[in-house]
Structure formats: structure tokens, C-alpha cells
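Taking it in order: structure first as C-alpha cells, then the write-up.
Bear in mind that the values in this text are calculations on the coordinates, not laboratory data. Source: prediction; values computed, not measured. Don't worry about glycine lacking a Cβ; one is built from the backbone with ideal geometry, like all the others, and counts go over all protein chains shown.
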Amino acid sequence: MAKSLNKGAGKTREPLFHIVKRPTIPLWKSWVIRIIAILAAFLVCGIVTYLLVQRNPLDMYASMFRGSLGSKRKLWKLAKDMAVLLCISLAITPAFRMKFWNIGAEGQVLVGCLATTACLFYLGGKVPDAILIALMLVTALLAGAVWGVIPALFKAKWKTNETLFTLMMNYVATYLVAFFLLTWTPDGSSTLGRIEGVGMLPVLFGNSYVLIILVVAILTVAMYIYLNYTKHGYEISVVGESENTARYIGISVPKVIIRTMILSGALCGLAGFLIVGGLDRTIYTESVGGQGFTAIMVSWLAKFDPIVMILTSFLLIFLDQGAAQVAQDFNMSDAFPSIITGIILFFIIGCEFFINYKVVFRSAKKEVKE
Amino acid sequence: MKYVLDFLLNAIPLGMTFLYGSTGEILTEKAGHLNLGIPGIMCVGAAGGCAMIQALVLAGNVPGVFIVLLGLLASFLAAGLMGLLYSVLTVSFKANQNVTGLTMTIFGAGVMRFIMAGLGQQNHAYLKALPIFRYPFSNLLPGTSWQYMGIMVYLAIIIAVVASLVLTKTKVGLHLRAVGENPATADAVGINVGAYKYGATIIGSGIAGLGGLFYIMNYAGSPEAYKSIETLGWLSVALVIFALWRPHLSIFGSALFGALYLAGSYIPSIPAFQQLGLPMSFTQLLKMLPYVVTVIVLTISSVRNKREDQPPAALGINYYREER
Amino acid sequence: MSKPIALEMKNISKSFGSIQANKNVSLEVYHGEILAILGENGCGKTTLMNMIAGIYFPDEGQVIVDGEEVVIASPKDAFDHKIGMIHQHFKLVDVFTATENIILGVKDAAGYSRAEAEARVKEITERYGFHMDPHKKIYEMSVSEKQTVEIIKVLYRNADILILDEPTAVLTPQETEVLFNVLRRMRDDGKSVIIITHKLHEVLALTDRVAVLRRGEHIGTVQTAEADENMLTEMMVGKKVSLNIARSEPKDPCDRLTVSHISCCDHEGVKLLDDVSFTARSGEILGIAGIAGSGQRELLEAIAGLQHLDSGEITYLNPKTGETVNLRDRTPLQIRELGVRLSFVPEDRLGMGLVGNMDIVDNMMLRSYRKGHSVFVDRKKPRDLAMEIVENLEVVTPGVTTPVRRLSGGNVQKVLVGREIAAAPKVLMVAYPVRGLDINSSYAIYNLLNKQKEAGTAIIFVGEDLDVLIELCDRIMVINSGRITGIVDGRTAVKEEIGLLMTGSIPAATADQGKEEGANG
């Protein structure tokens, strides 16, 4: 039967290859594809580095590992950065499961930072520490929730495009912070010093990072349970998969959108609280530093699974810190980590294609046929 | 009156950055692809153009017209290359458009910072070419606000007008719109959907890239400029909705957005405003204007929900012929 | 056969994953003839034609056009070989005008001239006797207008071979007749017309030859003049099936759901439902017949609490308490909380009734997940139910944790109907429950409905096949443009009568309806 295929290959030829959707792929196979993609991406990073500075790629990889995992101090920093990024990623995950493109985590975290700083600034030393910390936490959660729920209200009522709305809210948050910074610094420097001594978060096991890591670890498990085993989580999945089905079984879609964005925003606020209360002790317009966007990658790469997000947040922080070390060792611009991260992400994004589709070549057709 | 004229002479040219960005994004969106990578692409366009101009300036003795032409070309190609990357991932590999776009933005900003840091080692020599880019008013009325009304302002308007004509009056435009509205239909009548998507995205990215170059030549030479370009890029994406996916409307929208963007720093200098005695920090709130207006525009357009003013029907959805 | 061969297919095979859609199909089409590709839903008719039209690429086999082997890898290739297909789901750009859609994708020899294009469109329109406003936007058009645009589009490309996929599914009998005349004119013009259909009477009325497909295979081709319904049915289904669907007498029917004078509009003010009144009784199947898009969906959704009404009332009579409840403008959740036992199998199974990406267990949970005060969901009972349904209804699936979108159409429907019946409904609404299902699955569904009927459920059945409606339903209500044009007795109804009611051309229908209401009230 198949031999007739090549007979007519004179004037008009059948295409060299065509794309077929895979019915299903075993889990292990999809991970093999992803790992191959990441390895290929590292290879390309090595080549890029070589082209830029003519240094042995092996040196680069070594430098990368040294930069992120090389010492106890670096491991702690890695764990802390991971915790913060993971926290933001967990916060946005319910929204993304609902197919609500919340790219406003940056702003939601920032207003959380702002609320925390405001408590410290205005109330520091005036109320007992326990109350101050409680207020910091509550206001941060509230601020984040408000920032998250505004676009949700419009989405729920008029289907206003949430992607651009949440994005714009980031800038509004930034200038709000700029406004308060100018208000708080009479000299007009817009640089607020660290506020120490009041409202300090408890230090566990002699390390101030432990509390944050612990909080995020608990949050990870809680979020996993929330999304997979609660009625809310189930409703989020239904709304995300099909709004029509949700309406059909009597789920109020606006209610779920609003409720979920309050949660998502509030958790972003929590991240802001941790950043200011536990780490920075002050605020800049750049306090979040683009992590709101990186978090989307963490969440998406993990297919919105909180447990897998531990891995993806590790990957991204590892890249960032490793590449920063490479930039330092090889005397390159501090923009290098963004480039490396970009390359790796492109490969991972691209490899999804090979998980969902397969390419059938003209000559290979006979073997592929099942 | 002088204030108003001066303000407009500042606002309109600044707005052209948005015009490049939004015209580019409109072309891409008309092909059905929401390119959130435009900010990063504008960054790369800026860096590519600057690198070429710097090389030409340092080479010496290159006629001004070549500096401009090659600078524009380099900017267009560098940004177009990013468009190619975006197309490979979203058109051929059918990757999620939002995620790809956001990665493009992270990557593009990184590339720009990297290149600009390199150019900074030679003191940003590309800025020496600025007067040529501001031809003709930089010679006619040097030092006044007229100087901003350089050739790239007119180029932006010409590109927008041409884009508008192509979209509405030609067969190519008809085909492109069909691809963005209903790719299966376009495919069924024999339009090469992939080619149109690639073409529109690459050309659109190239045009957006020129916006990056325009901005950096005129307004900023600092390594931190990538942040401004990112911001302007996001606003350009938002402007597309304001312009109802029509490049000729975007000309006015861009001027308005230029005005709003500038208002925050301009209003405080008006004597009448100063008499109000508001604290200096208030100016930061004024800077929220373009973003707040964007949000209002988004909301109004979603409330009105008119059939003719909707995004291309297949926007954001990747096309796969054998989907079933 | 003196006519020359226009198109020849040799040993064409195509599979999607593990499903073989076409197996070793060979057939030929002559110039100046109308050929029917006949077969049941899912027998591979459309897939086969899609390969000629360049939508799919065959895994194996040859295509020969006018004696020369060709490769059709894209719709453009198909046009180059003068083959054009009118798909069941129209491939038109909604925001474009008719003319813009027609000229789309055509290479102009000497530049693009709008005036010239419009002149050609006009010429084609006049030649074959179409009625079409060339400047009307597609989204403002009726289904038959859209179909006209599609046909002109293909003719504009000088197609010699026209393929029409189920062209009459969405047309009234009158519109169908107009279409057939146009097609005959094309045949006389020397063109080859292929229509994909499963309607025997159309085959007999229109075509010259019939090619029958069954389970992806070509069973045979016969001259229409030598064929009759029995013979074609036998070829289609393999063995002679009696279409006899069991129908029991309703047991003490009493009013269960009364709909009175309901109306609603879409957002542009077009009436979707116009003063609809009827009563559904327990232990009875009430059929709803009508051309697709006549308001069937809106009617069911209004009852289910998914469609806002401008006026009218929907009353449910609770058999336990004897109380009546008004359902108008209640949400689905409120309706359930009022103790109304209403189940609904919507037309859009994977887009509304089920969530395609969720497994069978989670889909069972859609109805029951709210039970109990715990914040956590209980998957135990849904899992038991899922296993029960898989076993009792013979759902073919690897397991209950398989996403339902991986199941075949019939199995998806069994899962959905099984879930809705498991709620022990007092009113059961089903929309097109056997669409896309093979004969065995269809009968399984009819049996389920009949069992529910015997259990005293009031069933509302929206169908498209009049034969099935007549054999299954106790009463058949006919809807046209949102208005009820008549309610007839299923045991005495004649197809032609229903057909005329569907087009709204019997004025006496109002009298019938009045009688019906009088009987109920």
C-alpha cells in the first residue's frame, strides 16, 4: 500500500514533514524531553558566553554552580530567594488556574510592601511589637487583596481584559510608592533607611531566613491542598476549564473570580510583608524587582502545580544567581543573568511543542504508523 | 499659549514612541498574535540601532544620511530578529503567546542592558549622531522644543498611515485580517496562514524596534533607559485597544498618550499649579495619569462592547490546522 | 458511463491516533454528475472529503485529478486542482462582507481591482440564480445566506468539483429545494457535485450515484436510479435494522412543568423565544422538533436557569409536596435549592455538560460536590458513581481517572446522561442526545430515556431526526423562530406535517396549540 506513495513524486511532492498532535504521552517521556531541552539550553548558554568573552564553557558552568550552591552562605541566599519567589508564584497560581492572567503580581506585592512599611514608619515604637507585626501582616494582606480585586471586579462585571488592567495597576502601585517615599523623606532623596529594632519578625534557629522559608513551605502544602482537595479549588478548576460548565452547574463565575483574586492578591500582600518585614526593612520602587513576572514563569512551567513549583523556582533562582556569579567572574554586565534566563526559558517554552505534537517526516512515515 | 505650544512640541514627538510600538503591535495582533514581548523588542531595537550608529560614528567620515539609514535598518533588523524568535515559538511551535511574550521582554531588556553597557565603555558615542536624527529643526531652531520634531517623527506617522492603508485597502491587508479573525477560513481559501503570521510579526516587531531607537536617541542615553522603554512598550500595547486596532487612529492616541506621559513632569512647572502649594510628592501621583487613563479606556471599551471595535476574533489562539 | 472521470481516489487511508477514520477507500467522480457520499455519523465521510480539500493529509493512497496523480497538502492545492469544499461549519470571516469573503485568497492576474471582483461575483450570482447582498456582513446573515456565500466563493475560484458537507442540515425544506435546483444547474453546467449526507430521501431526490461508507470503509457505489431506501440503509448499517424504538403508554401522566408565555431577546433585540407555552407531563416524552437554531437551546436554558426571560412564567409542580415553584430568573443553584429535581443534558457536551480535561470522577462531582459542610470535596461517592456508570452503561474507557475528552463521542454522552439520570430527576431535558453516536449507542440512550419515562420522569427531548422523534416521543412540539407552531401526537404524526410546521407555513398551527393548551389547562 505504502509503496504507491513515492510513485507520484515527480511533479508534485508531498510535503517534507507534517505535524501530528500526540494523543497522549507518558509522564516520564515528557520530563525526558524537558530535561533534554534544559541541557540543550545550557549548551547554548555556554556557546553564547564563549562568543562574548572567549572563555571555556566548562569554566562558566563551574562558576554558575559556585555562584548559587558554592557555599553555606550562598545556599541560604538561594533558599531565601527561592522562598520569596515561590511565595509570589503560589499567590498567583489560583488566578492562573482560573485562566485569569494576573500579570499584576508585581504591583500587588509592592502595595503589600508599602502597607508593611507604612505600619513600621507610622507605628514603629508606638504600639507593642506583637500588635505592630499583626497590623503589618493584616494591612499587607488587605492592600494586596484590594490591588488584586479591582481588576477582578471589572473582569467579573464587564469582562474587561485583565492582562493589561493588572499590568497598569503595577505602575500605579509604583508611583504610589514613589509618592510615599517622597512624603516620608523630607530631604527629597526618596531613600528611606532601614527601619530596625521595631516590628522585627522572630528569628528561628538563629537565622532570620528560617521563618520565611518555613512560612512558604507551609503555604506550598496548603496551596496544594486548597487547589486539589477543597470545594473552592474544584470551583477554580471548573471556571478555568469552562465558564459555560460552571454556569450550567450553578457556580457563580463572578463570585469565584472575585474570591480567587482576593486570595491571590492577599497572598501577594503576604509576600510583600515577608520582603519588608523579614528582609529589606524598607521600601524602594524596585522592591519586587520583576519577581512578579518571573513568578508567572515559575507557575506556568510547573503547570500550576505547587509541588512542582518548588523545582521551577529553584531552577530560575539557580540560573539568576549562577549567571550573576558568571557575570562577576568574567567581568560582564549585570544584565547577563536576564539573558541566560531568557535563553533557558525559550528552550523550555519551545520544548512543550515536542510534548504535545510529533513531527512526521516523509520517509519516517512507515515506522510511525501504528 | 507658549506653554501649550511648548507642551505639544514635547508631547507629540514623545508620543511617536508609542506610535511605533502600537503600529507594530497592531500588525502582529491583526495576524492573531498578542505579542507581550513588544517592550523587550523595543529594547532590542534600541540597542541594535545604537550599536550600528555608534560603530558608524566611531568609524568617522560616514555621511549623515547613511548613519540614519543604516541605524534604522539595524534597529529594524535587530527587533525583527526578536519577532522571528517569537514567531518560531508561537507560530511554528505553538507555544503560549503570553508566556513567550513575557520571556521576550525579560530577555530583550537583558540584551539591551548588556549592549548599552558595552556602548557605554565608549561614552555612548552614538549620541553624537543625534543632530542628524533631529533633522531639520535641530539646525533651524536649535535649543527650542522644535528640535524634537525630527525625521523619525514623520517616519512614524508615514508608517502608521501606510499600515492603515495596507490593512484596509489592499488584498494583503484583507488576507492579514482574515488570518487574525479566522485562520481556519483563511487557510481553507489558500492563504498561507503561517507566512502571514511570520510576516506581520516580524515587520511589526521591526517597526516597534524603531520606536525604541527613537526614544533612546532623543530622550535617554543612560543604561537605565531600558526601564523607560519597557514602560513605553507596555503602554504601546495598551494603546492598541485605545486605537481600536487602527493605526491611523493610533496617531492621535499616541499624541494623547505622549501628553499624558509628560503631564506628570510638566504640570508642576505651570505657575498656576505652583500657586496651589501642593507638596512636591504630589507630582508622583500625576505620573499615574497614563496608566489610569489606560485602565479607564479598557473599561469603557469593555462596557461598550461594540462589534466593530473588538480585537481580532482569533487573537491569542494559536492555529493548528488538524485540530479536532 | 460515457462521462469522463474528474476525480479518482485510490486506496486512501487515514487514522487519528488509534482511531482509523478511513481504510483503503477507492472511488471515482465523473464530470457532470451529483454523487452522494452516504453514511452514518462518524463513518469517515467528512474525513475522506477533507483529504480531497486539503484539510487533512492522507496516511496512504493516491488522488488522481483528470487522469493525473496529484498531492493535495493544503486547501490551496485543492483550489489549484479546481476542487472546492463547503464545510458544515462555514468557514467565513464574520466581520467581513460577502464580497470580501468571496474574493479572499484568490490570486488576481492583473492586480487587485475591487470593481472587477464585484462584477464577477454579480455574474456568478445571476448565472446560477442566487439571491445575495454582496455588501452584507456575515454576522448579519441567516444560515442559508451564509451557505450561499460559501457556494459562490467556491464558484468564484472556478471550481469544477464541489463538495458539500451536510448542506441541508441547517436548511428548511423550502431552502433545501432552492439549493437542490442550484446544484442541478451546476451539474448541467458540467461540474461534479459531491454531497455528504446521511439523509436517504435527499440522496434519492437529488443524486446520480451513491457511494456508501461504513466504519471508514467504502462499501460500494450504486446508481441512484437502481437504489431504494431499504437497500441503502442496509449498506449503511450493515444489517437490516428495524427503526422500531420501543414506546410504552404513559402511566398516569400529570403536569410536572408548565411553561407559560415566555419570551426573551438577544442583546441586539432579536426575539429568541416568542410567547412560548407548553406543559411537560410525568411519564411522557415530549419531543421538540425544529430547524437548528430556532430557539431550542434558549428554551432549555431558560428552564435550567441559564437564560434571562423578559416575560412569562415557568412553574414546577413538586410531586412530593404538591406545591408549585416558579423557576423564572432563578439561577441553577437556586433551582436546586428549591428542591426541583431537574436534570439537563445540553447540546454542547464537552463545553457545557462536562469538563473535557477532567476525569470521569471529577465530572461526576460537578453535580454533587457541594454536598456537606466540609470545605473539602468528597471524591469517594463520585468515584463509586463513576464506576457504576462505566459498568452499567458499558462506557469504553481505560479507567475512571481518564479525562473525558479522550473518550469517543458515544462514551462521552453515556457519562453525561448517566450522571444526569443518577440524580433521579423528575424533569429530564436532553438536547440532541444521539448526535454523532453510532446506532448501538443511540439505542442505548433511547433505552435509558424510556426507562426514565417508565419511572415517571417528565422528559423533554430536543431532536433533529424526525423519524426518531416520531417513534420515540409521545407528543412532538414544533418550534420555528422562537415560536411554537404546533404540538402533535407522536403516534399519529406524519413527517410532512412536522416538516411544514418547522418552516412555520401552517397557519392552522395556532389552533392546534390552543387545543393543546385547552386540554392541559
For region C:115-227, the Rg and Dmax computed from alpha carbons only, in angstrom: 15.4, 48
Quick one: the Cα spread of the protein assembly as shown along its three principal axes, in angstroms, biggest first? 94, 75, 65
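Semi-axes of chain B's equivalent ellipsoid from the Cα gyration tensor, sqrt of 5 times each eigenvalue, largest first, rounded to whole Å?
33, 25, 18
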For chain A, what is the relative contact order in percent, using Cα pairs closer than 8 Å and at least 6 residues apart in sequence? 34
Could you line up A:S299, C:S74 from fewest to most neighbouring Cβ atoms inside 10 Å? C:S74, A:S299
Would you mind giving the mean number of other chain beta-carbons within 10 Å of the Cβ of each residue in A:339-347, as a whole number? 5
Highest to lowest packing among C:362-368, B:240-246, scored as the average C-beta count within 10 Å: C:362-368, B:240-246
Between the helical axis of A:231-241 and the dominant principal axis of chain A, each derived from Cα atoms, what acute angle in degrees is found, rounded to the nearest 10? 50
My understanding is that a pair violates if its Cα-Cα distance is over 22 Å; which of B:K171/C:K153; B:K306/C:K137; C:K23/C:K191; A:K99/C:K137 do that in this structure? C:K23/C:K191; A:K99/C:K137
Once you wrap a convex hull around the alpha carbon atoms of region A:247-310, what is its projected area averaged over all directions, in nm²? 6.0
Computed helical MRE - 222 nm, the protein assembly as shown, DSSP H runs ≥ 4 contributing -39500 (n - 2.57), nearest 500: -18000 deg cm²/dmol
Isotropically averaged projected area of region C:354-423, using the convex hull of Cα atoms (one quarter of hull area), nm²: 4.3
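Antiparallel versus total DSSP beta bridges in chain C: what percent is that, nearest 5?
Antiparallel: roughly 55 percent of the beta bridges in chain C.
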List B:S75, A:S190, A:S264, A:S63 from most exposed to least, where exposure is judged by having the fewest other Cβ atoms within 10 Å. A:S190, A:S63, A:S264, B:S75
Just to confirm the number: angle between the C-alpha axis of helix B:225-242 and the first principal axis of chain B, 0 to 90 degrees, nearest 10? 50
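How large is the Rg to Rh ratio of chain A when both quantities use alpha carbon positions and Rh follows Kirkwood?
1.05
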Shielding by partners for B:284-295, please: the mean number of other protein chain Cβ atoms within 10 Å of each residue's Cβ. 6
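Roughly what % antiparallel, to the nearest 5, for the DSSP beta bridges in region C:131-274?
60
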Extent of region A:38-152 along each principal axis, from alpha carbon coordinates, in Å, largest to smallest? 57, 38, 21
Quick one: give the max-minus-min coordinate of the C-alpha atoms of chain C along each principal axis, largest first, in Å. 75, 51, 48
Efficiency of FRET between A:L214 and C:S142 - r from beta-carbon atoms, R0 45 angstrom, step 0.05: 0.10
How large is log10 of I(q)/I(0) for region B:1-98 at q = 0.17 Å⁻¹ when the intensity is taken from the Debye formula with one equal scatterer per alpha-carbon? -0.85
With each pseudo-label sitting 7 Å past Cα toward Cβ, what's the A:L52-C:D255 distance in nm, one decimal? 8.0
Starting from the Cα of A:K358, draw a straight line to each of the aspartates and glutamates and keep only those under 20 Å, dropping any in the same chain fewer than 8 residues away. A:E14, A:E367, A:E370, B:E322, B:E323, C:D59, C:E60
From the Cα gyration tensor of region B:93-148, with a ≥ b ≥ c the square roots of its eigenvalues, which class applies: rounded if a/c is under 1.5, or else prolate if a/b is larger than b/c, or else oblate? oblate
Cα-based reach from A:K80 at 17 Å (exclusive), listing aspartates and glutamates while leaving out same-chain residues under 8 positions away: A:D280, A:D320
Candidates per trypsin sites (Lys or Arg not before Pro) in region A:190-263, loop by DSSP, up to 15 other Cβ within 10 Å: A:R194
What average number of partner chain Cβ atoms lie no more than 10 Å from the Cβ of the residues making up B:232-243? 2
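With 10 angstrom as the radius, rank C:I138, A:I275 by how many other C-beta atoms surround their C-beta, starting from the fewest. Please report the intermediate quantities before stating the final value.
Working: C:I138 19, A:I275 27.
Least to most surrounded, the residues fall as C:I138, A:I275.
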Answer check: region B:173-311, Cα atoms, Kirkwood Rh, Rg/Rh ratio of 1.08
Calculate how steeply helix C:439-454 sits against the longest principal axis of the alpha-carbon atoms of chain C, using the helix alpha-carbon long axis, and give the answer as 0 to 90 degrees to the nearest 10. 20
For C:K426, give me every one of the lysines with a C-alpha distance below 21 angstrom, ignoring sequence neighbours fewer than eight places off in its own chain. C:K251, C:K320, C:K371, C:K414, C:K451, C:K453
